[in-house]
Structures are given as structure tokens and as C-alpha cells.
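First up is the structure itself, then whatever we jot down about it.
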Amino acid sequence: MPSYKLTYFPVKALAEPIRFIFSYAGVDFVDDRFDREDWLNIKPTTPFGQVPVLDVDGKKVNQSTAIARYLAKQHGLAGKDDWENLQIDATVDTIHDLRAKIAAHHYENQPEAKAQKLEAASELVPFYIERLDQQVKNNGGYFVGGKLTWADITFVALLDYLNFMAQYDIIKKAENLKALREKVLSQPGIKSWVQKRPDTEM
């Protein structure tokens, strides 16, 4: 078994889907969280000046979605064929599009631009959530193939971050997504992780 170290800021955010997959699979990993003031020292040691970074037996790789996909293939969370994997990839990309829409106003400091981006997000977020909710309804309670995949884990792992940025529960009216959240959070390894992880807002 390789040795894994996952390096990220002291929050859930983009690293949490990776942590969920490790936990689901019962794989030990070092959850390396650095203080924000140390970032300027850590940044030059990363492949592209970004985190999360996964260290696998001393070899470093970045890009959170690529890391999650790699681990999903190893632990039974990928699709059964290329078509399912395409659907999973499309769903994960859509989830990250949703994240980008919400993040656009959250990270904007200029008041006028922030207001415009908030207005755009207030229309787009329900549009995305409605369609993601319908996708779960159409696929037996999961995003793809009627079974748990890393698309489901990605969405649920990112929810705290999305809700923190949006400042409300974005799936409050989405019954199928709420049921999916409970299914993911009831997985024994993930349930154990959520109980012991550091308590952070996002």
C-alpha cells in the first residue's frame, strides 16, 4: 500500500472529496493542514503553486479532480464502463461549474461587481440544483448508474464549502439531493471521518 499525504489549507473545501474517498475506502493518509501564514513558504514546493497536493510515496501531484478520479478508480467508485465514466466526469465538472458561480461573488471584493455576481448566482444556483436533483431522481437515487460513485461523494463533500460561500443551504428544497447527502454521510468510513475531522466552517 502506498503512503499518502494530502496537503491543503486548514479547511474542507477542495480537499474534502479526496479525504472522503480515502475514508470511504479505509485508506490511511496524512491530513497535512498548514497555517495560512505558511502558504508563501509552501507554495514553491508544490508542482504548480496550488493545493491540494497529494504526495504518493514521495511523488507529488496537484489538481483535486484528477486526484479524486485516480483514487475512485482504485476503490470501486468509478463507472462500470467508459460511458458511465463520461457521465461521472460531466457531473463532477458541472458541480465545479456550480462552485465557480458561487465563488465568483464570494471572493469578489469590489462592491458593484460583487452585487452583479451575487445576482447572477441567485439565478444560476437554483437552475443547477434543480437539474442535479432531477438527475439523482432519474438514476435511482445517485448521479450515475444507480450506485455510489465519486460524483456523489464529490458533491456531498463540497456542500459545506458551497453553503458557506452561498450563505444558505443550497439543497434546502432539493429532496433527492438531501437524500443523497444522507446516503453518502452514512457510509461507515465517511461517517467516522466526519465525526473526527477538524471542525471548520468551509
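Summary of values
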| item | result |
| --- | --- |
| Meets criteria (at pLDDT below 95 and of a type outside the set (Gly, Ala, Ser)) for Leu118 | yes |
| Answer from Val136, Val184 - the residue that is under 24 Å from Lys73 (Cα atoms), modelled with pLDDT of 95 or more, assigned to a helix (DSSP H, G or I) and more than 15 Å from the chain's Cα centre (by Cα) | Val136 |
| Residue in the stretch 149-170 that is surrounded by fewer than 17 Cβ atoms within 10 Å (Cβ to Cβ) and either within 15 Å of Leu77 (Cα to Cα) or over 18 Å from the mean Cα position of the chain (by Cα) (or both) present | no |
| Selected residue [of a type in the set (Asp, Glu) and open to solvent by 50 Å² or more (accessible area, probe 1.4 Å)] from Glu123, Glu84 | Glu123 |
| Which listed residue is at pLDDT below 95 and of a type outside the set (Phe, Trp, Tyr), from Glu175, Glu130, Glu123 | Glu123 |
| Residue check, Ile95 modelled with pLDDT of 95 or more and under 14 Å from Leu14 (Cβ atoms) | yes |
| In the stretch 8-48, the residues that are touching a Gly at 6+ places or on another chain (Cβ under 8 Å) and more than 17 Å from Gln195 (Cα to Cα) | Lys43 |
| Verdict on Ser23 being in contact with an Asp or Glu (Cβ under 8 Å, 6 or more places away or on another chain), at pLDDT 95 or above and either of a type in the set (S, T, N, Q) or surrounded by 19 or more Cβ atoms within 10 Å (Cβ to Cβ) (or both) | no |
| Qualifying positions in the stretch 26-49 - without any contact (Cβ under 8 Å) to a residue 24 or more places away in the chain and open to solvent by 40 Å² or more (accessible area, probe 1.4 Å) | Glu37, Asp38, Leu40, Asn41, Lys43, Pro44, Thr45, Pro47, Phe48 |
| Which listed residue is modelled with pLDDT of 95 or more, polar (S, T, N, Q) and within 28 Å of Ile170 (Cα to Cα), from Gln74, Gln87 | Gln87 |
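The values are calculated or read from the model by the stated rules, or taken from the named source; none is laboratory data. Given the structure is predicted, the values throughout are model-derived calculations rather than measurements. Positions of Cβ are backbone-derived with ideal geometry, glycine not excepted, and every protein chain shown enters the neighbour counts. These accessible areas exclude ligands, DNA and RNA; they are computed on the full protein's heavy atoms, side chains included. Shrake-Rupley method; radii C 1.70, N 1.55, O 1.52, S 1.80 Å.
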